[in-house]
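One structure is given below, encoded as structure tokens.
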Amino acid sequence: MKTVFITGTSTGLGRAAALHFANQGWQVAATMRSPEKETELQKNPNIRVISLDVTDPAQAQRAAATAIGAFGKIDVVLNNAGHGIYGALELVSEESIDHQYAVNVRGVINVIRAFLPHFRANNGGMFINISSYMGFLSAVPLGSLYNMSKFALEGLTEGLYYELKPFNIHLRLVQPGGFASDFTNKINLPTSDTIRDYDVVNARLNKVFDAVKNKKFPLTQPQDIVEQIYAVATGANQEFRTPVGQDTAAMTAMRNSMPLAEYLEKVDAMYA
Ligand SMILES: NC(=O)c1ccc[n+]([C@@H]2O[C@H](COP(=O)([O-])OP(=O)(O)OC[C@H]3O[C@@H](n4cnc5c(N)ncnc54)[C@H](OP(=O)(O)O)[C@@H]3O)[C@@H](O)[C@H]2O)c1
């Protein structure tokens with residue numbers, strides 16, 4: 001029986017992935033920050049719920065040990081946990097800046113490091129890292145920190161290829177566009193009583209987020225992305241990078257069809 005270790009399974013894509021892999025007969029280590037709040041996943045006989053805040057390297061080590069202890073072997077690690085800090089760089093709190101990096105980049109590093117001894121000992125394993133189209137292009141104003149985190153994740157993943165290849169450890173990136181989850185609901189653009197220069201762009205982006213929340217865009221469903229992740233995990237798809245979603249395809253085509261300066265102006269004009 002194949003096994004997968006997934007981060008951030010309390011909601012959204014991670015949760016959908018945990019259920020999908022379990023329904024396909026995989027054993028699933030479903031990790032989350034607050035397992036005490038979980039009531040559903042542990043009812044599935046293929047799922048073991050484990051506590052993990054990815055920002056803590058010691059917790060990552062413990063969660064990896066618990067999962068390996070429970071299942072004997074982990075085949076695939078799905079680094080899904082993530083969140084989006086959006087907002088004018090000048091207005092975002094120091095804590096938020098560090099937290100964006102701590103979850104989306106350092107968190108993935110913590111989990112990868114926790115599994116490397118196991119994967120080396122097994123002479124095999126796969127890390128699937130959930131990036132975004134924001135991992136290879138800019139698509140909105142006020143997204144620099146999220147862009148930074150996913151660009152960094154892409155660099156980390158590609159850079160690791162060389163040192164992990166000798167151990168038959170595979171690296172993969174899945175790059176969704178916008179999809180329906182709590183992700184956008186959790187975004188809270190910072191404002192300031194004294195600095196009002198960002199009010200206009202804040203209002204424009206809030207309008208876009210409201211449209212997403214009210215499902216005014218044809219968003220991809222997490223289940224569609226999960227099926228792509230599953231194809232990567234089983235080896236049916238062996239691409240290093242897997243972009244998903246119509247918006248990803250459209251933005252990529254636009255980005256590749258013109259010089260960067262022109263692309264930046266076009267995206268800017270979308271929010272004018
Ligand atoms: N939704 C989109 O439009 C979109 C597009 C492209 C890529 N993505 C990426 O897809 C992934 C999943 O996002 P989603 O849309 O499914 O959002 P979501 O519903 O908000 O789920 C995010 C998950 O990450 C967890 N998480 C946050 N901080 C954590 C931490 N420190 N330690 C462990 N878990 C933590 C959350 O747990 P808590 O419940 O404890 O907060 C939650 O389970 C993320 O990497 C995101 O960047 C999303």
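Computed as a quarter of the hull surface, the mean projected area of the alpha carbon convex hull for the stretch 1-153 stands at 9.3 nm².
Student exercise: in the stretch 3-270, how many lysine pairs 8 or more apart or on different chains have Cα atoms under 15 Å apart? Lysine pairs meeting both conditions in the stretch 3-270 amount to 4. Working from label points 7 Å from Cα in the Cα-to-Cβ sense, the GLN61 to SER96 distance is 3.3 nm. By the count of neighbouring beta-carbon atoms within 10 Å, fewest first, ARG106, ARG15 end up ordered ARG106, ARG15. With 0.36 nm allotted per residue and the present C-alpha distance subtracted, the ASP224-ASP199 stretch has 5.4 nm of extension available. Residues whose amide H falls under 5 Å from that of THR242, counting only those 5 or more places apart or on a different chain, are LEU173, VAL174, GLN175, with hydrogens built in the peptide plane.
For the stretch 190-196, the Karplus equation 6.51 cos²θ - 1.76 cosθ + 1.60, evaluated at θ = phi - 60°, returns couplings of x, 10, 9, 6, 9, 10, 9 Hz by residue, with Gly and Pro reported as x. FRET efficiency for the SER192 to PHE217 pair, using the beta carbon distance and R₀ = 35 Å, is estimated at 0.75. Across every pair of non-identical alpha carbons in the chain, the mean reciprocal distance, once inverted, gives a Kirkwood radius of 19.3 Å. Amide H contacts of THR220 (H built 1.01 Å from N, in plane; Pro and chain starts excluded): ALA180 sit under 5 Å, all sequence-distant by 5 or more or on other chains.
Distance from the Cα centroid of the stretch 247-269 to that of the stretch 106-156 is 24 Å (rounded to whole angstrom). Looking at LEU160, SER181, ILE97, which one has the Cα that reaches farthest to the positive end of the dipole of the stretch 37-185 (charges on Cβ: Lys, Arg +1; Asp, Glu -1)? The listed residue farthest towards the positive side: LEU160.
With a simple spin-label model that places each label point 7 Å from the Cα along the Cα-to-Cβ direction, the separation between GLU239 and GLU40 comes to 2.9 nm.
Membrane-span-like helices of the chain, defined as complete DSSP H segments with a Cα extent of 24 Å or more along the helix axis and a mean Kyte hydropathy of at least 0.0, are identified as 144-164. Summing charges over all other residues whose Cβ lies under 13 Å from the Cβ of THR220, with Lys and Arg as +1 and Asp and Glu as -1, gives -2.
Every read-out reported here was derived from the displayed coordinates using simple, explicitly stated rules and does not represent laboratory data. Bear in mind that the values here come from a model prediction, so they are computed numbers and not experimental data. Counting neighbours? That spans all protein chains shown, and the Cβs are built from the backbone with ideal geometry, glycine included.
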